[in-house]
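A quick write-up on the structure given underneath.
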Amino acid sequence: MVSDEWRAVIGRNVQKTRAVVLRTLDYGESDRIVTFFTTDLGKLKGIAKGARRSKRRFANALELFSLSNVLFSRGGRGGLSLIEGADVVSHHPGIREDLEKTLIATYLAELVDGFSAEGKKNAELFRLLEDFLVFLDREALQPGIERFFEMRLLKLTGYDLHIRSCLTCRKQLDEISEPAFIPADGGIRCRTCLKNATTALSVAPGTLKTLIAGSQTDLQVISRLVVSDRMAKESRAILGAIIEHLLGKALKSLKVLDDMRKTVL
Ligand SMILES: [Zn+2]
């Protein structure tokens with residue numbers, strides 16, 4: 001016989017999924033509203049009752065960019081799921097003890113938040129975020145790492161950049177001496193085809209080649225890619241422009257990261 005208590009739990013239809021915390025917001029006296037990116041359901045927003053009162057119940061599992069196994073039931077008030085429990089798989093201590101890594105991880109989480117939808121599964125995007133967090137946690141900081149993440153994220157969300165050839169005449173990158181990137185078109189044109197493009201950003205062929213390499217190189221060997229100051233500046237400009245164009249806004253955490261680098265480095 002099923003007890004009333006059990007019937008209530010079954011009735012709530014509790015599910016379990018692996019998830020990364022993208023955003024948190026303290027709510028009321030002791031609750032926390034958490035946005036996750038999950039393997040099974042894409043983005044998921046839930047409320048964890050009493051999360052701030054009982055530290056032991058959710059120990060580190062609801063912190064920004066933590067990887068956790070989450071138990072939840074859907075259909076709460078305001079479209080929020082109810083977070084029934086959460087066990088941390090990795091708290092990523094190697095990221096949290098380093099300011100620059102922390103700001104990069106925060107930015108990756110904000111990017112995934114911006115490019116994902118509630119209930120829309122994207123297992124490859126989940127794996128990408130998980131892999132890059134593990135990399136940041138364990139390895140030395142690789143210059144340009146957030147650019148390589150942006151390139152891969154754009155591809156997995158249907159916005160792969162057209163930077164291997166001219167958008168108009170299809171001339172290959174190797175044959176273009178002065179490519180220009182057009183954010184509104186998500187790709188490059190040669191000087192001949194550029195004509196009256198309203199907004200175009202000059203970019204060296206070497207920068208584009210490094211971005212292409214960084215978008216497909218295995219993370220284990222990505223430290224072999226050398227990113228010069230010029231490449232860093234140019235790729236920040238073109239990827240920042242396309243992401244701002246697609247999202248319709250600049251991301252706060254990217255500005256914080258830029259400001260920190262200007263002050264500290
Ligand atoms: Zn052309």
Among the candidates Leu257, Leu167, single out the residue that is part of a helix (DSSP H, G or I) and in contact with a helix residue (DSSP H, G or I) (Cβ under 8 Å, 6 or more places away or on another chain). Leu257
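Residue-wise test of (1) closer than 30 Å to Lys121 by Cα; (2) not polar (S, T, N, Q).
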| site | (1), (2) |
| --- | --- |
| Gln142 | yes, no |
| Ile145 | yes, yes |
| Arg152 | yes, yes |
| Ser165 | no, no |
| Lys171 | no, yes |
| Arg191 | no, yes |
| Val203 | no, yes |
Just to be sure, is Thr263 in a helix (DSSP H, G or I) and either in contact with a Cys (Cβ under 7 Å, 6 or more places away or on another chain) or modelled with pLDDT under 95 (or both)? yes
Among the numbered criteria (1) under 17 Å from the mean Cα position of the chain (by Cα); (2) in a helix (DSSP H, G or I); (3) surrounded by 14 or more Cβ atoms within 10 Å (Cβ to Cβ), which one does Lys121 miss? (2)
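A quick yes/no check of all residues on (1) away from the ligand (no atom under 13 Å from the Cβ); (2) surrounded by 15 or more Cβ atoms within 10 Å (Cβ to Cβ); (3) within 21 Å of Lys101 (Cβ to Cβ):
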site	(1), (2), (3)
Leu161	yes, yes, no
Ile182	no, yes, no
Leu201	yes, yes, no
Pro205	yes, yes, no
Val227	yes, yes, yes
Gly240	yes, yes, yes
Ile243	yes, yes, yes
Thr263	yes, no, yes
Cβ pairs under 7 Å, 6+ apart or interchain, first in the stretch 174-186 and within 17 Å of Thr210 (Cα to Cα), second buried (at least 20 other Cβ atoms within 10 Å of the Cβ) and basic (Lys, Arg), ordered by first then second residue, are Ala180/Arg189
So the helices (runs of 4 or more DSSP H) completely within the stretch 181-252 holding 2 or more residues that are among the small types (Gly, Ala, Ser) are 205-216, 229-247
The lone condition Arg147 fails out of (1) outside any loop (DSSP other than H, G, I, E, B); (2) more than 20 Å from Leu108 (Cβ to Cβ); (3) in contact with a helix residue (DSSP H, G or I) (Cβ under 9 Å, 6 or more places away or on another chain) is (2)
Suppose we keep only residues that are over 18 Å from Asp131 (Cα atoms) and in a loop (DSSP other than H, G, I, E, B) within the stretch 64-97. Which one would you say is modelled with the lowest pLDDT? Gly76
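The values are calculated or read from the model by the stated rules, or taken from the named source; none is laboratory data. Small disclaimer: the values here were computed from a predicted structure and weren't measured. Reconstructed Cβ throughout: ideal geometry from the backbone, glycine too, with neighbour counts over all protein chains shown.
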